[in-house]
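Input: a single structure, listed below in structure tokens.
Rule-based calculations on the coordinates, nothing more; no lab input. In this text, all values refer to a predicted model and were calculated from it rather than measured experimentally. Glycine gets a Cβ as well: all are built from the backbone with ideal geometry, and neighbour counts include every protein chain shown.
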Amino acid sequence: MQARDSFGNLCQSGSDSFSVQMPGVARENICVTDRNDGSYAVEYCVPAEGNYQANVTLDGAHVAGSPAPITAFRSALPAVILLIWYSGNSTCNATSELAQAV
């Protein structure tokens with residue numbers, strides 16, 4: 001995830017309170033890591049192939065585009081992770097968009 005300010009510029013610092021929850025996925029199988037540069041890594045392990053929903057929040061409020069659909073399937077390739085832009089009430093005064101990376 002990448003935080004952006006109200007002008008769409010990338011935030012350069014971290015400390016925002018992003019949270020990701022996915023119904024059907026145990027909380028301990030989802031990890032959000034602050035990279036301290038305005039970006040946040042999201043890692044998750046789903047119990048089975050199928051359709052999931054990522055609920056992405058900042059300080060308890062959904063960011064735009066959340067919940068986001070996730071389709072999990074077996075692959076020999078590395079997993080593609082969700083890419084999220086947020087701008088609104090973050091430490092760099094970030095409004096938000098959600099986009100899926102491919």
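The table that follows gives values for the structure above.
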{"read-out": "Gain upon complete extension [PHE7, ASP59; 0.36 nm per residue less C-alpha separation]", "value": "16.7 nm"}
{"read-out": "Neighbourhood net charge (10 Å Cβ-Cβ; Lys/Arg +1, Asp/Glu -1) for SER17", "value": "-3"}
